Amino acid sequence: MNDVFGTYDVMVGLKLQKKFEISIKENLRKDLHGDDARFELMFNQNDGLWDLNFALNYVNGFQEEMSLEEVFRLIYRFLFKRVERIEERNKDVN
């Protein structure tokens, strides 16, 4: 819980190649809803992962009353669909 903004923050690592930066950002801008929806994305050269932080409050389906299991499932589905879309889009380009 972010006390300053009153949001539930998610901090994860995405195992996608660095070349997907634009696609990742486009997908997040499209799929995080609300005027205040923001995210931070930074490629970590040390481990080859994208460090991604975003507010769960702006993910469709999130409710404060959800159990931890429900929240983890929501986060997983949200990220899985983004990665799947990015990989599918890249497959069509190659």
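Since every read-out is calculated from the coordinates, none of them should be taken as a lab result. Because the structure is predicted, anything quoted here is derived from the model rather than measured. Positions of Cβ are generated from backbone atoms using ideal geometry, with glycine treated the same way; all protein chains shown enter the neighbour counts.
For this structure, a couple of remarks:
- When every residue of the stretch 23-34 is checked against the conditions, none turns out to be among the acidic types (Asp, Glu), over 17 Å from residue 90 (Cα atoms) and free of Cβ contacts under 8 Å to residues at least 24 places away in the same chain.
- Residues of the stretch 1-22 satisfying the condition of being closer than 18 Å to residue 90 by Cα, hydrophobic (A, V, I, L, M, F, W, C) and surrounded by 10 or more Cβ atoms within 10 Å (Cβ to Cβ): 14, 16, 20
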